[in-house]
Structure formats: structure tokens, C-alpha cells
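**Q** Supplied in C-alpha cells, the structure appears directly below.
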Protein chains: 4
Amino acid sequence: MNSIDELKIAMRSFAEARDWDQFHSPKNLSMALAGEAGELLECFQWLTEEQSSKLSEKQLLAVADEIADIQLYLIRLADKLELDIFAECNRKIAVNAEKYPIDKSKGKSDKYTDI
Amino acid sequence: MNSIDELKIAMRSFAEARDWDQFHSPKNLSMALAGEAGELLECFQWLTEEQSSKLSEKQLLAVADEIADIQLYLIRLADKLELDIFAECNRKIAVNAEKYPIDKSKGKSDKYTDI
Amino acid sequence: MNSIDELKIAMRSFAEARDWDQFHSPKNLSMALAGEAGELLECFQWLTEEQSSKLSEKQLLAVADEIADIQLYLIRLADKLELDIFAECNRKIAVNAEKYPIDKSKGKSDKYTDI
Amino acid sequence: MNSIDELKIAMRSFAEARDWDQFHSPKNLSMALAGEAGELLECFQWLTEEQSSKLSEKQLLAVADEIADIQLYLIRLADKLELDIFAECNRKIAVNAEKYPIDKSKGKSDKYTDI
């Protein structure tokens, strides 16, 4: 599978086969996603920024696991809410471009909390 | 843009134009992503599970914003670590299928913490 | 130990004995704390609200572990920043009392995101 | 108020006066706490570790707010589950002391994910 749509269908089948739809309310999925984001933090918490760019194979695999978990829960959550992830990303990029004009944001991190 | 790859390129340009690459270490990006996951939680924290499935237009827009933020940071993080999100998702789905066999997992949430 | 101050001193000794002070920047401690908050979420993510009030002994122990971890990191973080947790809590309660006047907040969750 | 017990009583009154007990299931409180932990991350996400130790007055106040929010939700959650925060902290410190013996843990962050 190499598209969000294909993964969405696969996740639906996975949940249905296990009768897990009952657990997948948007509220619960937001918790599961944030739990995985917490595990992602744990991969990096004691590393310096520099070390975080030069992960060992084992460290990289652990991070890759969390990235996949987050992506899969995100797809599942968007599916449950009938949101199109790409449409929302495009909308958000346009918002961010206006919010952080190049000339005023250049090299400054204190101007933004979002991307 | 309607692919992860196109969004990846757009995010790169966005960061480069603002000289923000210096802030985008994997460590920092994991924090930013988890911060957005926290904002996602805030959308749902006082709602019942049922209410979380029937969001108002305003609530849905707030959730859509967070989903987009998480997706964009996830793409940025994977890009920095040279990870292919789809490859990792496919790998993880195979792992999960083995970890949660249908006959043993059916209708049981206590058997799993991942999807 | 039954005070924040005693725990603060114990945490200092614990870190010093292991030469862990070098890892305990406020940034890193915020990540560790949020990681534990993610583990706390995982205890509750597939439970209904009602079930979350009636935990089994095993479930309660898991939650108690996370509560302790969060408390200990919080004490450590406040210590590093020379903040007095009680002073800040008192200040915040006063702010919240003003922000959420009883007559306007009664029974409404949509008026607040903080306590 | 300068004890966990006094804050616990204050939080009870605060919630009762606003009829907010109905929202304060352990599940919901875990989400609110993790949401505040996400806001804490946002205070530090673009700072270097060194900068995170030398906060401006404004930055420090923002962090202090989040620390108070986390502490207050933690007290509320422990109260709802009838857990004694100090008892759990003492138990956890003993567990950690055994898990991370000084001679084997000295100066090594890769041996631990907890404190």
C-alpha cells in the first residue's frame, strides 16, 4: 500500500475483523494517537538535538515504529470524522504561509508555535 | 497537493524560505508533534465518546486543524530521518496482524495498546 | 517522605548519585514528563469513562505508577527552574476562579479548557 | 495553601461549585493532564537545552502556568482514584533505586526511560 486511501481501507478491515470499531470513537483515537506521540518523545528525550539526527539502526527502528503508529491512528481518526487529510493539509499550509510571512519570520522561532 | 511526497517538498521549501531548518532537529519535531497531539486531546477531553462522533462544524474545524498539524510535522520528521512513511506503515500493519490474531483479539481491547 | 520538599531533595540525590544531572535540562524533563503523560493515557484509552472510575487492582497500580512518574518529573522540573509548585498552584487557582465565575460556568464544559 | 491535601480540598470545592464533577472522570482528567503536558512541550520545543535553563521572565511565567495546571489535574486525578500521591512517589522511588543501581547507571541515559 502506498497511499493514504489504501491504508484507510486496510485499517477499516483490520478493525472490523477484530470487532474493534466499538473502541474507535474519535475521543479514544485521539488518546491512542497522543499515547504514541508520547512514545515518540521517549525515543528522543535524553538525546541531544545533534544525537537525534544521527540515530543508530536500533534507535531509528524504534522511531519508525512510532511514526507508523501515529500515521495509522491519524488515518483512522480522519476516516471516522470523514475528513480528507490532504485537503486539511493544503488548507493549513495556506494558513501558515499567511501567518508566518517570510520577511517577518526568517530565522525566528519565537514567532511561531505551529509549523 | 495530494500526496505525502508533494507535501514533503512543500514543507522543505516552507522551512528553507524562513531559515527554520535550524530548529527542525528530530528531537524538536517530536516535541512539536506531541504538542499538536496535546491540542487534539483538548478538542475531545470534556466530550463523551458519543459527542466526539457528532462534532459541530466549529469543533470539526478545530480537530481538522490539529490533524493537519500532526500530519505535517510527521512528514517533516520522517523526511529529516529519511524514512518512508508508507514503507513503515506497511511493515507495522504486518507486525500488528501477527500480534493481534483475529481469533484471539476479537472484541477485546485489553489485548492491545497499539492498533 | 510526605512533602514536595522532601521529594525534591530525594530526586536531587538520586540524579547526582547517577550523574544524571547532565540529562535533566528543563527541555528534556518536559519531554520525559509528557512521555509519562502519554503512558497515563494508554491506561485509559480503550476504557469508557465509567470503566475508568472502576479500575481493577492491576489497572489501578499501572495508573498509580504513571501518577508517581509525572509527580516526580514535575518536582524535578520545578526544582531546576527554581519554581515553588505551591505558589504557582495558588496563583493559578486564583486566575481560574476569575476566569470561570460560578454563575457563568455552572455545568458547562465548553467554557473552559483549563480546570 | 501549601500542601497537596489543601489543594485537593480546594479543587473539590472548585469543581463542585461549578457542577464540573460530571466531566471529571479519570479518563477525561488523564486527557486534560496530557493536554497541559503538551502545552508545556510547546514552551520548550524550539529552545536549545541551554536556552531552556535560562528562560526570560515571560517564558518562565508560561512554564509556571503549565506546571501548575499539571499539578492541579494530577491532584484531582489522584483524588478521584483515591490514591495517595506521596505513598505512590515513595513506592516508585524505591522501585527506581532498584531498577537503576548506581554503579550500572552512572552517566548513562540509555539505561533508563523513567527517572
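Values in this text are rule-based calculations from the coordinates and carry no lab data. Computed from a predicted model, the values in this text were never measured in an experiment. For neighbour counting, all protein chains shown are included, and Cβ atoms are generated from backbone atoms with ideal geometry for every residue, glycine included.
**Q** What does the net charge come to around residue D:19 if you take all other residues with beta carbon closer than 10 Å to its beta carbon, with K and R at +1 and D and E at -1?
**A** Values: positive: C:106, C:108, D:18; negative: D:16, D:21.
My count for the surroundings of residue D:19 gives +1.
**Q** Okay, moving on. Taking other Cβ within 10 Å of each residue's Cβ, how do D:75, A:102 sort, fewest first? Show your work: numbers first, answer last.
**A** Details: D:75 24, A:102 11.
Neighbour counts put them in this order, fewest first: A:102, D:75.
**Q** Moving on. Can you give the calculated 222 nm mean residue ellipticity of chain B, where each DSSP H run of n ≥ 4 adds -39,500 (n - 2.57) and the sum is split over every residue, rounded to the nearest 500 deg cm²/dmol?
**A** Working: 6 runs with 80 residues, N = 115.
Computed mean residue ellipticity for chain B: -22000 deg cm²/dmol.
**Q** Next question, about the same structure. How long is the gain from residue C:108 to residue C:91 if the chain were fully straight, where each residue apart is worth 0.36 nm and the alpha carbon distance is subtracted? Could the numbers behind the result be given before it?
**A** Numbers: separation 17, 0.36 × 17 = 6.12 nm, distance 2.32 nm.
Between residue C:108 and residue C:91, full extension yields 3.8 nm more.
**Q** How large is the charge dipole for the protein assembly as shown, taken about the Cα centre, if only the Cβ atoms of Lys, Arg (+1) and Asp, Glu (-1) carry charge, to the nearest 20 debye?
**A** Working: 60 positive and 88 negative charges, 0 e Å.
Computed charge dipole of the protein assembly as shown: roughly 0 debye.
**Q** Mind jotting down the three principal axis lengths of the protein assembly as shown based on Cα atoms? Whole angstrom, largest first.
**A** Result, largest extent first: 55, 45, 43 Å.
**Q** Write down, largest first, the equivalent ellipsoid semi-axes of the range B:62-102 in whole Å, where each equals the square root of 5 times an eigenvalue of the alpha-carbon gyration tensor.
**A** On the way: eigenvalues 122, 53, 6 Å².
Equivalent-ellipsoid dimensions as semi-axes: 25, 16, 5 Å.
**Q** Treat every Asp and Glu Cβ in chain D as -1 and every Lys and Arg Cβ as +1, leave all other atoms uncharged, and give the resulting dipole magnitude about the Cα centre to the nearest 20 debye. Numbers along the way, then the final one.
**A** Details: 15 positive and 22 negative charges, 92 e Å.
It works out to roughly 440 debye.
**Q** Calculate how steeply helix D:4-17 sits against the longest principal axis of the alpha-carbon atoms of chain D, using the helix alpha-carbon long axis, and give the answer as 0 to 90 degrees to the nearest 10.
**A** Helix D:4-17 sits at roughly 40 degrees to that axis.
**Q** Sort A:16, D:49 so the one with the fewest other Cβ atoms within 10 Å of its own Cβ comes first.
**A** Working: A:16 10, D:49 17.
Lowest count first: A:16, D:49.
**Q** Among C:13, C:45, C:70, whose Cα projects farthest towards the positive end of the dipole of the range C:4-83, with charges put on the beta-carbon of Lys, Arg (+1) and Asp, Glu (-1)?
**A** Going by the charge dipole, the pick is C:13.
**Q** If we hang a label 7 Å off Cα along the beta carbon direction at residue A:21, how far is it from the matching labels on the other copies, in nm, shortest first?
**A** 3.8, 4.7, 5.8
**Q** Jot down the per residue volume, in cubic angstrom and as a whole number, of the convex hull over the alpha-carbon atoms of the range A:27-75.
**A** Taking only Cα atoms, the range A:27-75 has a hull volume of 65 Å³ per residue.
**Q** Given chain A, what count of lysine pairs have C-alpha atoms under 15 Å apart, with each pair 8 or more places apart or on different chains?
**A** Values: A:8/A:80; A:27/A:80; A:99/A:108; A:99/A:111.
Lysine pairs meeting the criterion: 4.
**Q** A follow-up question, please. Within chain C, what's the longest stretch lacking trypsin sites (Lys or Arg not before Pro) that sit in DSSP loops with no more than 16 other Cβ atoms inside 10 Å?
**A** Details: sites that count: C:54, C:106, C:108, C:111.
Longest stretch, sites excluded: C:1-53.
**Q** Compute the distance in nm between two label points, each set 7 Å from the Cα along the Cα-to-Cβ direction, one at residue C:8 and one at residue D:54.
**A** Placing both labels 7 Å beyond Cα along the Cβ direction yields 2.4 nm.
**Q** If you take the Cα Rg of chain C and divide it by 2.2 N^0.38 Å, with N the number of residues, what do you get? Intermediate results must be reported in sequence, preceding the final value.
**A** Numbers: Rg = 17.3 Å, N = 115, 2.2 N^0.38 = 13.4 Å.
Here the Cα radius of gyration is 1.30 times the empirical estimate.
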